[in-house]
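Reviewing the structure listed below.
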Amino acid sequence: MKYRLPLVLASLLLAGGVQASAADHVHASHAWIRVLPGDLPAGAYVTLHNDSAQPVALTGASSAAYAEVMLHQSSTAGGMSRMSMVDTLTVPAHGDVALAPAGYHLMLMKAKTPVKPGDTVRLTLTFSDGSTLATDFLARPANAIDAGEPHAGH
Ligand SMILES: [Cu+2]
């Protein structure tokens, strides 16, 4: 015997799209920002986990706190450190990708008000299907190398 969805529920599911969005499958952790003095751009770092069977692609981010947010990759060639723009960063199926110093990062330009270590800044991550994931980033000092060790746990 077949199970039938009540008609009203079936219509709601169709109208809302049964397929989950990329953002529904992505979990962000260890989100932090390295704040530099003055009006220097700040790097934002986060670990993304994809719990779906399909890869998802991060295309960028935005924030009310910064005029511009760009997806960058740092690399070193011939002893020189440089940054390049990145269109998409793939989070593999059932896998992780880490944005971290000396690698992929979100570059935060032109803070609308000064951001200090200890502040929390919300960035909205955007994926290639247009879905978004609002994530709170902890601002850390210029000498920080990671998200720190919050004693409250995860
Ligand atoms: Cu950069």
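Give the residue that is nearest to Gly43 (Cα to Cα), with candidates limited to residues of the stretch 67-100 that are loosely packed, with under 13 Cβ neighbours inside 10 Å and in contact with a Lys or Arg (Cβ under 9 Å, 6 or more places away or on another chain).
Glu68
Among all residue pairs at least 6 apart or on different chains, which show Cβ distances below 7 Å where the first residue, located in the stretch 39-63, is at positive phi and the second is in a strand (DSSP E or B) and buried (at least 18 other Cβ atoms within 10 Å of the Cβ)?
Gly60/Val69; Gly60/Leu71; Gly60/Thr126
In the set Leu89, Leu108, Leu99, which member is within 11 Å of the chain's Cα centre (by Cα) and within 14 Å of Arg34 (Cα to Cα)?
Within the list Leu89, Leu108, Leu99, the selection yields Leu99.
Just so you know, all these numbers are worked out from the coordinates, no wet-lab data involved. These figures come from a predicted structure and were not determined experimentally. Here Cβ is always computed from backbone atoms with ideal geometry, including for glycine, and neighbour counts include all displayed protein chains.
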